[in-house]
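Reviewing the structure listed below.
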Amino acid sequence: MTEPMRRPTPRHAARHAGLLTLWLAAAVLPGPLALAQPPRPWLQQLRAMFGYIPLLAPGGTRAPGPRRAEDVCLVTPRLQDDKDSKQPATAKVLLPSPTIFSQQPLAEWRLEDGSGRRLAGELARSDRPIAGAIAWPLPPLQPGQTLQLRLRSMQASGGQYVEVRLQAGSAAEQAEALQRLNAQGDRLQQVQKLLRQGKRSEALELVWAPTPSPTAELLELRRMLAASACGEPRGPGPGTAPRL
């Protein structure tokens, strides 16, 4: 036998009406009555501290306007801040063996000396683009040494290279960078310290530097940077998942 439905008492009806009023106020009104937004995860806050990384256009200049297929988003080494987009792109690297990482897959990369002589490089196959972090392929950079890095996206023609001048730090800067690299403890603590000091290039080098046992948080930060470094979130396409 079905139990008859009990009619709400006046007290219950008033309580329900009060709760409904509070819910509506929290949903539509600004200020203290509005529901508080959940705090951003600390990794997202850390990602935001790296700021925007400019795109590079073939010819060695920062890419103006909308993104084009032949442009390259070089996550690390990070370009030096320069408001003049017509100046040659330069990245100062403090680690003697810096990692190179492009957001999108590449058709080719090259390292050249001042005379244009090829020192190292790789050419992608038609069915296998160059994707992921590129470990430093040469002997460690000497203090003050300069090399030319040339990158070509999969959509660029044979001569459309993005060019970046790599400038090694001084002996003291290299020693300090190596000390941070080899420091005991969580690497992200060193990254946060550098970001608080406004040293975003050094922080990026440290994020992408090889480590035998990366933490889950470090790997997640790399993924976040790989997806949104140049302002456009990008999901990995078939065969282009970044090697972290």
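Read-outs throughout are calculated quantities, based only on the coordinates presented, and are distinct from any laboratory measurement. No experiment lies behind these values; they were computed from the predicted model shown. With ideal geometry, Cβ positions are generated from the backbone for all residues, glycine too; neighbour counts draw on all protein chains shown.
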List the residues whose amide H sits under 5 Å from the amide H of T90, counting only those 5 or more places along or on another chain, with H placed 1.01 Å from N in the peptide plane.
Q80, R165
Relative exposure of W42, W208, W109, W136, judged by other C-beta atoms within 10 Å (fewest first):
W42, W136, W109, W208
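Give me the percent relative contact order of the stretch 42-228, please, defined on Cα pairs under 8 angstrom at least 6 residues apart.
Numbers: 351 pairs, mean separation 47.0, N = 187.
Relative contact order of the stretch 42-228: 25 percent.
Counting only other residues whose beta carbon sits under 15 Å from that of L181, what net charge do I get with K and R as +1, D and E as -1? Write out the running numbers ahead of the final one.
Details: positive: R180, R187, K193, K199; negative: E173, E176, D186, E202, E205.
So the surrounding residues net to -1.
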How many percent of Cα pairs in the stretch 42-228 exceed 27 Å?
25 percent
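First select every other residue whose beta carbon is under 13 angstrom from the beta carbon of G158; then total the charges, Lys and Arg +1, Asp and Glu -1. All intermediate terms of the calculation are to be shown ahead of the outcome.
Numbers: positive: R110, R150, R152; negative: E70, E108.
Local net charge: +1.
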